1. In sequence order, what are the phi-derived ³J(HN,Hα) couplings for the stretch 173-188 according to the Karplus relation 6.51 cos²θ - 1.76 cosθ + 1.60 with θ = phi - 60°, rounded to whole Hz, with x for glycine and proline?
2. Quick one: Karplus J couplings for the stretch 272-280, per residue in order, coefficients 6.51, -1.76, 1.60, θ = phi - 60°, nearest Hz, x for Gly and Pro?
3. Beyond 26 Å between alpha-carbons counts as too far, so tell me which of Lys342/Lys375; Lys399/Lys501; Lys342/Lys459 fall in that bin.
4. List the GluC sites (Glu not before Pro) in the stretch 23-67 that DSSP assigns to loop (not H, G, I, E or B) and whose Cβ has at most 14 other Cβ atoms within 10 Å. Which are they?
5. If we sort 201-211, 364-374 on the protection proxy, mean other Cβ atoms within 10 Å, highest first, what's the order?
6. At 1.4 Å probe size, with the rest of the protein present, what percent of the exposed accessible area of the stretch 137-251 is carbon and sulfur atoms?
7. Could you please state, rounded to a whole Å, how far the C-alpha centre of the stretch 438-501 is from the C-alpha centre of the stretch 387-422?
8. Taking the chain as the reference, fit the longest principal axis to its C-alpha atoms, fit the long axis of helix 80-89 to the helix C-alpha atoms, and give the angle between the two in degrees, 0 to 90, nearest 10.
Amino acid sequence: VESVSKKEKAKQRPQALNTVEMLRVASSALGMGPQHAMQIAERLYTQGYISYPRTETTHYPENFDLKATLKQQINNPVWAEEVKALLSTGINRPRKGSDAGDHPPITPMRSASEGELGSDGWRLYEYITRHFIATVSQDCKYLQTTIDFKIGIEAFSCSGKTLISAGYTTVMPWQGIPLEEALPACERGDTFTVDEIKLVERQTSPPDYLTEADLITLMEKHGIGTDASIPVHINNICQRNYVTVENGRRLKPTNLGIVLVHGYYKIDAELVLPTIRSAVEKQLNLIAQGKANYQQVLQHGLEIFKRKFHYFVDSITSMDELMEVSFSPIAATGKPLSRCGKCHRFMKYIQAKPSRLHCSHCDETHSLPQNGAIKLYKELRCPLDDFELVLWTSGARGKSYPLCPYCFSHPPFRDMKKGMGCNECTHPSCQHSLNSLGIGQCVECDGGVLVLDPTSGPKWRMACNKCNVVVHFFEHAHKVQVAQESCDACDASLVAVDFNKTRTPLPDGETQHTGCVFCDPIFQDVVELKHATMRHSMHRGGGARRGGRGRGRGRRGNPKKPKDKMAALAAYFV
């Protein structure tokens, strides 16, 4: 041993918690995606457990009562001892951070338990609370020992750490000094025996894929996004299939993402580099500080992006060339399914998400509902545009409805929105529309209408066109139709049922009956409420049309719910 030096050092307690740091830790340590972590934080905030979770500030104002906030955790068994020790010795003033002028740092506002918050809610709350306690704790102190020694003529050095005072690491133990980092005690002139000498040959390896935490750090560094928009941006690139989330929350670019980036580089590199977004963020900050004129910045930004857009459109063939190397043209994929209403040729059904129909002759693509199966609907056509209807279904125990591929993306009536099928269409006379097949208001949600599923026989059902309520009725009936008349008691449309003679449940062997599914006592034992089995949420693209059944026969306005709805539910659906 040539020399031994010892020096006392300190590991600084963390600064107060802001949104970016919370998201970074949630991804790297808790395994939560930024969007999911933000949703949990917002729930904790609305329930009063933490302060507002969207903040860039890491500095507590002078008048913030840190001691009172800490006292609220004194009876929490998880960290009660640490809190009591802090209060008895006196809290430490948090490190000076940056004040962005928005909201105070993220702080626990009251004590909680895992039973109150649930698994993910508790894990995020626990980290926020431990971080807060750490900010008012002492720094972690340790002794760093460096030993210089010689083996023959070669000089070597090694260093280790020995804990003196744990400080804040008592509540954040993962940042503590491990025991194995301590070195054995020795003095200058001591001699040790060399047990083994190894020379290892290795190769450098390429860097791994970025983690979400790495990406958040880089976005903050380059000024891309804000505390509120960073999780949205990351969620968008995942949902749009530009990246996939691998083990360890690593983001692996897909072929689509790589081609897209290379295409942007080839046409206009500024569109994919962080500089242009960062420049826009800086301009917005200048507006906030009163150093730039809002209208001038707005017009300048619009003019730049307008020029870039036109240049991009003029150069789009460069993007097509790159896409065609990695992907098949859309016209070469899919299988023929239904006829186009414009050219009357078959459109191809492309099953790969997002599933859609493509007409290669018209070079048009039509959106479809997702997370279900699509098949041709009896070769029937929409009376408005002559497109062949298709049937969407979520499975045997789910719900199904027909839709027109053109109307689905181009709503034909003002009271309709994108993403609506025939079960929400307000066409006054079409046999597939809500006006022809709607029966009555949904028994659970406010805006939904129970619509007869004409494809469900012999296990007939009506399903809500908004939520996943399914009502099974009239099993083994030969025919079920919605009548023109309505119930005097609840204003629901009457249903005409025709049973086979051998399987009729009607009294006295009757085979035909017309009545209200809510109020008619004869139908009491043949109606059963269930919830549809959905593969995933339907992502239907459009909002739901509110109001009554909208049967549109000019006889009445919004229908009222059955007068004895609770009694009806008790009698028919329990």
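The values are calculated or read from the model by the stated rules, or taken from the named source; none is laboratory data. Remember, predicted model here, so these are calculated numbers, not experimental data. All Cβ positions, even for glycine, are placed from backbone atoms using ideal geometry, and neighbour counts span all protein chains on display. Accessible surface is based on the protein model in full, side chains and every heavy atom, while ligands, DNA and RNA are left aside. Shrake-Rupley method; radii C 1.70, N 1.55, O 1.52, S 1.80 Å.
1. Per-residue couplings from phi come out as x, 5, 9, x, 8, x, 4, 5, 7, 6, 9, x, 6, 7, 10, 4 Hz.
2. Result, ordered by residue: 10, 7, x, 5, 5, 5, 4, 5, 5 Hz.
3. Beyond 26 Å: Lys399/Lys501; Lys342/Lys459.
4. Passing sites in the stretch 23-67 are Glu62.
5. The most tightly packed comes first, giving 364-374, 201-211.
6. 52
7. Between the Cα centre of the stretch 438-501 and that of the stretch 387-422, the gap is 18 Å.
8. Helix 80-89 sits roughly 40 degrees off the main axis of the chain.
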